[in-house]
1. Going by the structure shown, is ASP195 more than 10 Å from the ligand (Cβ to nearest atom), of a type in the set (D, E, K, R) and not assigned by TED's automatic domain parsing to the domain that holds GLN6?
2. Is there a residue in the stretch 277-285 that is within 16 Å of the ligand (Cβ to nearest atom) and either closer than 30 Å to VAL317 by Cα or in contact (Cβ under 8 Å) with a residue 24 or more places away in the chain (or both)?
3. Which one is surrounded by the fewest Cβ atoms within 10 Å (Cβ to Cβ), of the residues in the stretch 203-234 that are within 13 Å of the ligand (Cβ to nearest atom) and assigned to a helix (DSSP H, G or I)?
4. Can you report the number of residues in the stretch 115-159 which are assigned to a loop (DSSP other than H, G, I, E, B) and either acidic (Asp, Glu) or not assigned by TED's automatic domain parsing to the domain that holds ASN186 (or both)?
5. Does ILE437 qualify as being β-branched (Val, Ile, Thr), touching a helix residue (DSSP H, G or I) at 6+ places or on another chain (Cβ under 6 Å) and either closer than 25 Å to PHE307 by Cβ or in contact (Cβ under 8 Å) with a residue 60 or more places away in the chain (or both)?
6. Condition first: crowded, with 23+ Cβ neighbours inside 10 Å and within 11 Å of LEU145 (Cα to Cα). Now tell me which residues in the stretch 115-133 satisfy that.
7. May I ask you to list pairs of residues, at least six apart or on different chains, whose Cβ atoms are under 8 Å apart, with the first in the stretch 210-222 being polar (S, T, N, Q) and the second being more than 8 Å from the ligand (Cβ to nearest atom)?
8. Would the stretch 241-253 turn up any residue that is polar (S, T, N, Q), assigned to a loop (DSSP other than H, G, I, E, B) and not assigned by TED's automatic domain parsing to the domain that holds ASP398?
Amino acid sequence: MISKSQFLKYIQCYKYLWLYKFRRELLPEEVDASLQRIFDEGYEIEDYAKKLFPKGVEVEGLYDKAEKHTKKLIKEGNKLLFQATAMANKLYCMADIFSYNPKTKKWDIYEVKSSTKLKDIHIIDLAFQKTCFEGAGYEIGKLHLVHVNNQYVRKGKIDPKKLLKIEDLTSEVKNVISGVHLDIENALELITKKDEPQVKILKQCKNPFGCNFIGYCWKDIPEHSIYNIAGSLTEKKLNELLDQGIIMIKDIPDDYLTKHKSILHHNVIKQNKIHIEKENIKSELSKLKYPLYFLDYETFSPAIPMFDGYKPYQRIVFQFSLHVQESKGAKLKHYEFLAKDKKDPTNDLLKALKSFVKGIGTFIAWNDVFEKGCNREMARRAPKYSDFLQEINNSMYDLMMIFRNGYYVHKNFHGSASIKKVLPVIVPKLSYKDLEIQEGGTASQSWLTLIDESVKKSERNKLATDMLKYCELDTFAMVEILRKLKEI
Ligand code: SF4
């Protein structure tokens, strides 16, 4: 038997389905926090979607139990079901909203997703449901996707009619259904095979979602492999290299790469040396003007806006770390802010930030697109700070560009310009490894716990300390990287 979610994974990579059926012990034991958050948000969106269909009845249980309950509820005359379940022809699926249309005398299906736009996989999802329910003897009419409306701006209580959009995909499903039938046949055949299928690792493991079997399938991929080359390879090029048996960057033929950053990375590995363009670094650093402000924000982006004035998935900037060096050789100062209450932090955060800024010099960020975007969004919510935020954006310098532009390339950056990869190479004594929070995703998730009053105060205090330490290291890392670059 194949469930809908297994089939959708099969579409991403057929090996997934086989591993799921026969090597389930390879899956990680725990769902990581960010994935769990995606699931939780999905349930929240579903709850709002149900409000658009009042008087629906919930089907209970899973598999046979849910299937029987579905039949029972329909027999009793119910015309609107949540999680209606069908099992037929070795397929199993649940429909989020299953609604009988008395005019057409058919059942309409509504699939609820937390994404903000239609994706091809949603059409395949609905095609699978249609196939499964029709196989079980239901007449299926219209097929819809219910998804988040990214233009909705919260004002007061969440309005499900404005938060969600319904799209009729009946004709799109019709266009793909024969292909989906073929895929289902192949998937059912695959799970009769004893031997593990061999697949080439291309882009499917991370696209569109990170696969849970990466730990297993990627275990033999060596360091400095073609998957990590700076600028990344297209699927076509990956394929060509794998066909030639090339897996290491050093083995890529000299004239094969075309992107500047890929060529630099290739040279650094082949010649086993560090690539440094001193003049370009010097010219970049000459753009910096004191006082220097090293700024980093932490944000949280909920699907359902938490506060008025926010759209779905819009960033709530809840924390900053700011290191300041007023003049050359001056003592470094550190300032910080962390919102600890469940209210829009924009005004308090900006008030604090402004109080620490004495004259605009250069604001230094890592990947400044992020900080600039946060500033533009905050300026819209807090117009009295818009000139201040505009000034920050006008003076912003992105320290990451020195690495992204290839002025400094080290093989141990592993093709990345992320601060997490650059820092341990340039400033080995500084590390995120000793911190409780080691990356932005965890810091972001932590905020939900921090503002949750039902969580013990001592736990929240400990979390606040960890969050502050993490963000402080992000800006101190920039201070130290800049110091090293100046030494060059
Ligand atoms: S890790 Fe990649 S190759 Fe392995 S099952 Fe997942 S998508 Fe397929």
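1. Details: more than 10 Å from the ligand (Cβ to nearest atom): yes; of a type in the set (D, E, K, R): yes; not assigned by TED's automatic domain parsing to the domain that holds GLN6: yes.
Against the criterion (more than 10 Å from the ligand (Cβ to nearest atom), of a type in the set (D, E, K, R) and not assigned by TED's automatic domain parsing to the domain that holds GLN6), ASP195 qualifies.
2. Going residue by residue through the stretch 277-285, those that are within 16 Å of the ligand (Cβ to nearest atom) are none.
Taking every residue of the stretch 277-285 in turn, none turns out to be within 16 Å of the ligand (Cβ to nearest atom) and either closer than 30 Å to VAL317 by Cα or in contact (Cβ under 8 Å) with a residue 24 or more places away in the chain (or both).
3. Kept after step one, since they are within 13 Å of the ligand (Cβ to nearest atom), are these residues of the stretch 203-234: 203-221, 227.
Next cut, assigned to a helix (DSSP H, G or I) only: 214-217, 227.
Working: ILE214: 14, GLY215: 11, TYR216: 15, CYS217: 18, TYR227: 20.
Restricting to residues being within 13 Å of the ligand (Cβ to nearest atom) and assigned to a helix (DSSP H, G or I), the top hit is GLY215.
4. Taking the stretch 115-159 and keeping what is assigned to a loop (DSSP other than H, G, I, E, B), we get 115-119, 136-139, 149-159.
Pick out the ones that are also either acidic (Asp, Glu) or not assigned by TED's automatic domain parsing to the domain that holds ASN186 (or both) and you get 139, 159.
Final tally of qualifying residues: 2.
5. Values: β-branched (Val, Ile, Thr): yes; touching a helix residue (DSSP H, G or I) at 6+ places or on another chain (Cβ under 6 Å): yes; either closer than 25 Å to PHE307 by Cβ or in contact (Cβ under 8 Å) with a residue 60 or more places away in the chain (or both): yes.
Yes.
6. Residues satisfying the conditions are ASP125, LEU126.
7. If the second residue must be more than 8 Å from the ligand (Cβ to nearest atom), the pairs left are ASN212/LEU27; ASN212/PRO28.
8. Pass one, the stretch 241-253, residues polar (S, T, N, Q): 244.
This time we only want the ones that are assigned to a loop (DSSP other than H, G, I, E, B), so: 244.
Next cut, not assigned by TED's automatic domain parsing to the domain that holds ASP398 only: 244.
Yes: the stretch 241-253 contains one or more residues that are polar (S, T, N, Q), assigned to a loop (DSSP other than H, G, I, E, B) and not assigned by TED's automatic domain parsing to the domain that holds ASP398.
The values are calculated or read from the model by the stated rules, or taken from the named source; none is laboratory data. As the structure is a computational prediction, the values presented were derived from the model and not from experiment. Counting neighbours? That spans all protein chains shown, and the Cβs are built from the backbone with ideal geometry, glycine included.
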